[in-house]
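Reviewing the structure listed below.
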Amino acid sequence: MKHKEYMWAYLFVAAPILGFMLFAFIPISYSVYVSFTDYSGYKAPVLNGGDNYVRLINDELFWKTLLNTFYAALGIPIGMALALGFATALNQKIRGIRFFRTIFFLPTISSIIALTLLWKWIFNDTYGLLNYLLQYIGIQGPAWLSSETWAMPAMIIQGVWGGLGINIVLYLAALQGVPSSFYEAAEIDGGNRWDKFRHITIPCISPTTLFVLITSIIGALQDYPRFQIMTEGGPNYSTTTIVYYLFQNAFRYMEMGFASAMAWILGFIILAITVLNFYLSKRWVHYE
């Protein structure tokens, strides 16, 4: 009987492992080899040693796009703070609260293409909604998406809005898991609302904060579709992220070897940041 159960268990486990080997492990392993070659995707790869990595180090545009990526990631703490604030408000027991929770989560399940086009219209400097509202209160709005100064702040605003939904849901679940007895004990000790939030809420939801932080950073460092749609990386590469630059080299210029090398550099950067976050989390994340 046990032998039969083991057989079925191995069969169920084999499916995802086989899928990973075919669709992830093999392509990942092959990309390591390709990163050391001159490969256009049409002809057989030709080994060129570490030329692609040397070229990356000397490529000014690579460093600029990497800096752009981290610049865009500055919206992460803003988005996390807003998500926690909205989640705290949505955690109240008031009439119609489920409706507001649905409204905030709706962008998460909507088409990223549709939402990006909507924001492209909002930021339009001629007939966009944002500049119209600014003009209504006497402020001349900038050319959001065609200005090197304002294009990235506009993308940060859009990115913060787009990531609110899922983070609000995560924080809301964490807030509802905080024992009410903690707050009752704090009230007995004379703690006010700020004391309870700082000494009870924040420590209790710190594991969720760590999860949101890590996933947000990974997502931000791999972000590119909305940049392609809204600005096409412009003006003057001011909104070209490293993944968008990777995409251009791989599929526009057909330099697969160079793009693979870039992907591995980005992978190691993400790994290093993730490991650093887990290491530092020992100081501020509380699991009990």
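Every number here is computed from the coordinates shown, using simple stated rules; none is lab data. Values in this document were obtained by computation on a predicted structure and should not be read as measured data. Here the Cβ is made from the backbone with ideal geometry for all residues, glycine too, and neighbour counts use every protein chain on show.
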Task: Evaluation of Leu106 against (1) more than 16 Å from Val169 (Cα to Cα); (2) under 18 Å from the mean Cα position of the chain (by Cα) (one fails), failing number - done: (1)
Open item on the list: Any residue that is more than 13 Å from Thr65 (Cβ to Cβ) and in contact with a helix residue (DSSP H, G or I) (Cβ under 8 Å, 6 or more places away or on another chain) - is there at least one of those in segment 237-249?
Closed with: no
Open item on the list: Just to be sure I understand the filter: pairs with C-beta atoms under 8 Å, separated by 6 or more residues or on different chains, first member in segment 97-116 and basic (Lys, Arg), second member surrounded by 13 or more Cβ atoms within 10 Å (Cβ to Cβ) and assigned to a helix (DSSP H, G or I). Which pairs pass?
Closed with: Arg101/Leu90; Arg101/Ile168; Arg101/Val169; Arg101/Leu172
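Within segment 111-131, identify whether any single residue is on the phi < 0 side of the Ramachandran plot, outside any helix (DSSP H, G or I), of a type in the set (A, V, I, L, M, F, W, C) and exposed (fewer than 13 other Cβ atoms within 10 Å of the Cβ), and answer yes or no. So that I can check it myself, show each step before the final result.
So in segment 111-131, the residues on the phi < 0 side of the Ramachandran plot come out as 111-131.
Filter once more, keeping what is outside any helix (DSSP H, G or I): 111, 123-128.
Within this subset, residues satisfying the condition of being of a type in the set (A, V, I, L, M, F, W, C) are 123.
Filter once more, so that each one left must be exposed (fewer than 13 other Cβ atoms within 10 Å of the Cβ): none.
Within segment 111-131, none of the residues are on the phi < 0 side of the Ramachandran plot, outside any helix (DSSP H, G or I), of a type in the set (A, V, I, L, M, F, W, C) and exposed (fewer than 13 other Cβ atoms within 10 Å of the Cβ).
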- [ ] Would you check which residues across segment 11-43 are touching a residue at least 12 places away in the same chain (Cβ under 8 Å) and either loosely packed, with under 10 Cβ neighbours inside 10 Å or not in a helix (DSSP H, G or I) (or both) and list them?
- [x] Ser35, Phe36, Thr37, Asp38, Tyr39, Ser40, Gly41, Tyr42
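When you go through Ala81, Ala24, Ala87 one by one, which is the residue that is of a type in the set (A, V, I, L, M) and touching a Phe, Trp or Tyr at 6+ places or on another chain (Cβ under 7 Å)? Outline the logic, then answer.
On the way: Ala81 fails: touching a Phe, Trp or Tyr at 6+ places or on another chain (Cβ under 7 Å); Ala24 fails: touching a Phe, Trp or Tyr at 6+ places or on another chain (Cβ under 7 Å).
Result of the check over Ala81, Ala24, Ala87: Ala87.
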TODO: State the number of residues belonging to segment 125-162 that are without any contact (Cβ under 8 Å) to a residue 12 or more places away in the chain and closer than 23 Å to Pro77 by Cα.
DONE: 3
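The rows are residues; the columns are (1) of a type outside the set (A, V, I, L, M, F, W, C); (2) surrounded by 16 or more Cβ atoms within 10 Å (Cβ to Cβ).
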site	(1), (2)
Gly177	yes, no
Glu184	yes, no
Thr201	yes, yes
Ser216	yes, yes
Arg226	yes, yes
Ile229	no, no
Asn236	yes, no
Thr240	yes, yes
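On the given criteria, is Leu271 surrounded by 15 or more Cβ atoms within 10 Å (Cβ to Cβ) and either free of Cβ contacts under 8 Å to residues at least 24 places away in the same chain or closer than 23 Å to Val160 by Cα (or both)? Working first, answer last.
On the way: surrounded by 15 or more Cβ atoms within 10 Å (Cβ to Cβ): no; either free of Cβ contacts under 8 Å to residues at least 24 places away in the same chain or closer than 23 Å to Val160 by Cα (or both): yes.
No.
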TODO: Quick one: count up the residues across segment 126-149 that are within 15 Å of Gly233 (Cβ to Cβ) and not aliphatic (A, V, I, L, M).
DONE: 3
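Residue by residue through segment 248-260, note down the ones that are assigned to a helix (DSSP H, G or I), surrounded by fewer than 17 Cβ atoms within 10 Å (Cβ to Cβ) and among the aromatic types (Phe, Trp, Tyr).
Phe251
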Task: segment 216-228 residues that are touching a residue at least 12 places away in the same chain (Cβ under 8 Å) and within 25 Å of Ser146 (Cβ to Cβ), paired with ones that are among the aliphatic types (A, V, I, L, M) and assigned to a loop (DSSP other than H, G, I, E, B) (beta carbon under 7 Å, 6 or more apart) - done: Ala220/Ala73
